[in-house]
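One structure is given below, encoded as structure tokens.
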Amino acid sequence: MSVYVMCLTSSGGIPLFSRQKGDNDTMTFSKIASLNGVHMFLKSQDISLLSTDLSDMTVIWKEFEQCIILIAIASGVTKYILDKFLDATFGAMVLFTGIDEIKNSKNIERLKKDMRLCSSIIDSLMDCLDIGDKISTKTNIVNMTECIISSENILLQTCLEGFMEYLDSIYGCVLVHGCVAAATEGWWSLDSVERKLLTIAITSESICTTYDIPVFLPCKSPNVAFRLVAITLINHVQILALCGPNPELTEIERFAVQCWKSNMDVLCTVEQCYPRNLPASVSLDNETLGFLLVNYKVEKFVLGRNLQCEKNRVIGSHRLDILRTFYHQAVEMFGLSVEHKENSDEKVITNAWKFTGAKETYLCSEYHKCHAVKHNDYILCVLYTSVVPTHTMRLISQKILKMIFSDKQIYW
Amino acid sequence: MSAINMNWLASAEGESLVHHFYVNSSKKRRFYGILERPSLPTSIEEVTYKIFMIGRSGVGKTSVVGKLAGTLESNNYTETNGIRKTNVFWPVKIWDKIVLIKLQFWDTSENSIKKYSHILSACKDKVDAMCSVFSFDDASSFNDIPYLMNTMTATKEKPANIVIGTKFKPWSSCVIDDAQIKEFEDKWKVKVIKIDASKSSIRSEMFDCSYQLNAICNILWNRDKEFISKLMGQS
Ligand SMILES: Nc1nc2c(ncn2[C@@H]2O[C@H](COP(=O)(O)OP(=O)(O)OP(=O)(O)O)[C@@H](O)[C@H]2O)c(=O)[nH]1
Ligand SMILES: [Mg+2]
């Protein structure tokens, strides 16, 4: 199974880049040209080509800002997610280059070079797709923010807010192994693509102590760059903040030390929560391998693991990526329906999930069972071993919901 | 003779401290956030230096820092975007005293400097050393070095000069030969620190770059000494 993404200019059909993942042949130039040709031809006939289904693959086309064509080909990925993936890919192009440069670049070679800056981000976005090629330790989702729940999140939140006030910024978060443990209200007000790109921009880089990277926000600020500052407080725990020209990096670091040094033990406790991603107070039964808890309004999720099972079982049976597949294929398809809201003055189209269909759904396979249940704005998907009786799944799922939502210490 | 004992890490005393820098019992170096430091006895003094990495695009600045920090993961090249600052803790024995040196490497790229004005000033501010990097397989990057070193003498901190040559292959001929290096060293009174960042050996990784890190610390130490003796001379 595999995924390809290609980028061309709308006007000239000049390829800017192409990336791929999986055990697949490389995409030849002639194939890229014909894929683009079909789209271009239909456009000249006033027809917009959106997608096509091959026996084992889906192809989707999308034009951005009347200047860039992105084409994705993938197997095992829903169209909805592929569409989100292309939005995120275009966002990644804007992130380091700015929309102006992309729209008005006279120099194609320079633009190609600029596009190379975001190639590791695009690779990470492809890792979020559900092409089932490898058992990765991390299961990420392209259109949602990955979170971690710890009993210390409230303390972190307070501390983060103090820190952000000093920076005179409203956009900040605390990352633990790449998962958001606490974030400001402003951070949640960013578009989900922006949130994803900002965290990937830091986590896809090799590790260093402090980053200060100029970034454009694809939705909020495509023309004016912010500074994305990331500081590693302790190994695997970072704070991310968007700020303006001031204060200087050294200043920010100095204040970060002041602000956080009295909370060393809190930071260490949160770090220990990974890879379980849950506070100690939430305990999972033996037949529960893990769960995916999604807030589909805010577009964030937590993947909770039962480490006890991980120890006792053969490697590979503990595949939390099954939950991602289940969520995309069953929950998003049947439980949720997309509502297109067109905002004509700003020319932005927001896709807001509105819950319509089923309230619960389940799936049984040879090795696993999955069960999903809705609770307010949340959807909980649980991965069970196949021994669990089908009718008890919902009881256990309810128990997990209760554990998470009745505990006042749990905040995310 | 250098004030820093270049082989100290391999001595019994050095070995007894090395494990503080590893992740648990592995031979992988531990990475420290800004709130952390190696758990050495607090009696050991810590000295911090800021080093700004300069040099043409693609010569290997980011790789060198990754190698010296023990965090280098891949040999894939992507141009550095913005500022990346990496702290490296390194224990040295200066005369008879153990000192924990904290090297702060500031790494960026020519393109970032060109595109965003705040980057150069942030990197140059209160800098202790300029580290000019060239690649042994690119003669023009070597010819740039005197010019790079000169751009810095203007800054008021009078930073020390460190020169690093990457992609060094001791057993095969390089585009830049020994005689050229010798001539350069005599003329500019700096020793070229040679490194092959992509090379990995079976030894624990920390010993792989101990020569280079000691050499860097030595240059910084000498600068401090000169600075102090100048101060004393004035008074
Ligand atoms: N064999 C070998 N390859 C090296 C060495 N140093 C760097 N490279 C390779 O050279 C390429 C460029 O290295 P970088 O460290 O990214 O170069 P840079 O100076 O940071 O480049 P900019 O960020 O664009 O300024 C990478 O593919 C490295 O793997 C070395 O000592 N030996
Ligand atoms: Mg670099």
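Once the mean 1/r over all distinct Cα pairs of the protein assembly as shown is inverted, what Kirkwood radius in angstroms do you read off?
On the way: mean 1/r = 0.0370 Å⁻¹.
Final number for the Kirkwood radius of the protein assembly as shown is 27.1 Å.
In percent, how large is the relative contact order of chain B, given Cα pairs closer than 8 Å and 6 or more residues apart? Don't skip to the end; give the middle numbers.
Values: 354 pairs, mean separation 50.9, N = 235.
It comes to 22 percent, rounded to a whole number.
Provide the three semi-axes, in whole Å and in decreasing order, of the ellipsoid equivalent to the stretch A:220-284 as defined by the square roots of 5 times the Cα gyration tensor eigenvalues. Present the calculation step by step, with values, prior to reporting the outcome.
Working: eigenvalues 172, 59, 12 Å².
Each semi-axis is √(5λ); the values are 29, 17, 8 Å.
Could you pull out the longest piece of chain A with no exposed loop GluC sites (Glu not before Pro) in it, calling a site exposed if DSSP puts it outside H, G, I, E, B and it has at most 15 other Cβ atoms within 10 Å?
Working: sites that count: A:65, A:248, A:346, A:366.
Longest gap between qualifying sites, sites excluded: A:66-247.
Only four residue types carry charge here, +1 at the Cβ of Lys and Arg and -1 at the Cβ of Asp and Glu. Report the dipole size of the stretch B:121-215 about the Cα centre in Debye, rounded to the nearest 20. Walk me through the numbers on the way to the answer.
Working: 13 positive and 14 negative charges, 50 e Å.
Dipole of the stretch B:121-215, to the nearest 20 debye: 240 debye.
Given bins 5 angstrom wide, list per bin the percent of all Cα-Cα distances in the stretch A:150-273, short to long.
Bin by bin from 0 Å, the calculated values are 2, 11, 25, 26, 22, 11, 3, 1, 0.
Would you mind listing how long the stretch A:134-220 runs along its three principal axes, going by Cα atoms, in whole Å with the largest first?
Sorted from largest, the Cα extents of the stretch A:134-220 read 43, 34, 26 Å.
Taking one equal scatterer on every alpha-carbon of the stretch A:88-238, how large is log10 of I(q)/I(0) by Debye at q = 0.11, 0.18, 0.20, 0.22 1/Å?
For the stretch A:88-238, the Cα-only Debye profile gives -0.44, -1.14, -1.36, -1.55.
Stokes-Einstein diffusion coefficient for the stretch B:169-235 at 20 °C in a medium of 1.002 mPa s, Rh from the Kirkwood formula over Cα pairs: what value in µm²/s?
Details: Rh = 14.8 Å.
Translational D for this selection: 145 µm²/s.
Given the Cα atoms of the stretch A:1-54, and with Rh set as the inverse mean 1/r over their pairs in the Kirkwood sense, what is Rg to Rh to two decimals?
Details: Rg = 12.1 Å, Rh = 12.2 Å.
Dividing the radius of gyration by the Kirkwood radius yields 0.99.
Along its principal axes, what span do the Cα atoms of the stretch B:45-131 show, with the longest given first and each in whole Å?
Taking the Cα atoms of the stretch B:45-131, the three principal extents are 46, 30, 15 Å.
Could you work out the pair-distance distribution P(r) of the stretch B:94-195 from its alpha-carbon pairs, with 10 angstrom bin width and percents rounded to whole numbers?
13, 40, 32, 15, 1
Please check: in the Gaussian network model of chain A (C-alpha springs, under 10 Å), which one of A:224, A:302, A:142 has the largest mean-square fluctuation.
Highest fluctuation among the options: A:224.
Within the stretch B:115-188, report the trypsin sites (Lys or Arg not before Pro) that DSSP leaves as loop and that have at most 10 other Cβ atoms within 10 Å. Write out the running numbers ahead of the final one.
On the way: sites: B:115, B:124, B:126, B:156, B:167, B:182, B:187; in loops: B:126, B:156, B:167.
Answer by residue number: B:126, B:156.
List, in the order given, every pair from B:115/B:156; A:297/A:408; A:297/A:399; B:189/B:230; A:112/A:138; A:220/B:115 whose Cα-Cα distance in the structure shown is over 27 Å.
Numbers: B:115/B:156 24 Å; A:297/A:408 21 Å; A:297/A:399 23 Å; B:189/B:230 19 Å; A:112/A:138 30 Å; A:220/B:115 21 Å.
The pairs that break the limit, which is 27 Å between Cα atoms, are A:112/A:138.
Please report, in cubic angstrom per residue, the volume enclosed by the convex hull of the alpha-carbon atoms of the stretch A:167-214.
On the way: hull volume 4.5 nm³, N = 48.
Taking the convex hull of the Cα positions in the stretch A:167-214, it is 93 Å³ per residue.
From the helices alone, meaning DSSP H stretches of at least four residues, give me the mean residue ellipticity at 222 nm for the protein assembly as shown, per-run term -39500 (n - 2.57), in deg cm²/dmol to the nearest 500.
Working: 22 runs with 226 residues, N = 647.
Roughly -10500 deg cm²/dmol at 222 nm, from the helical runs in the protein assembly as shown.
How fast does the stretch A:2-128 diffuse by Stokes-Einstein, in µm²/s, taking the Kirkwood radius from C-alpha pairs at 37 °C and 0.692 mPa s? Before the final figure, lay out each step's value.
Numbers: Rh = 14.7 Å.
Translational D for this selection: 223 µm²/s.
Provide the net charge surrounding residue A:32, with neighbours chosen by a C-beta distance below 13 Å and charges set as Lys +1, Arg +1, Asp -1, Glu -1. List each step's numbers first, then the result.
Numbers: positive: A:19, A:31; negative: A:25.
Local net charge: +1.
Per residue and in Å³, how big is the convex hull formed by the alpha-carbon atoms of chain B? Can you show the working numbers first?
On the way: hull volume 36.3 nm³, N = 235.
Each residue corresponds to 154 Å³ of Cα convex hull volume.
Can you bin every Cα-Cα distance in the stretch A:101-176 into 10 Å intervals starting at zero and give me the percent of pairs per bin, rounded to whole numbers?
All Cα pairs, binned at 10 Å, distribute as 14, 25, 27, 26, 7, 0 percent.
No value in this document is a laboratory result; all are computed from the given coordinates. Since the structure is predicted, the reported quantities are computational estimates derived from the model, not experimental observations. A quick note on method: Cβ atoms are made from the backbone with ideal geometry, for glycine too, and the neighbour counts reach across all protein chains shown.
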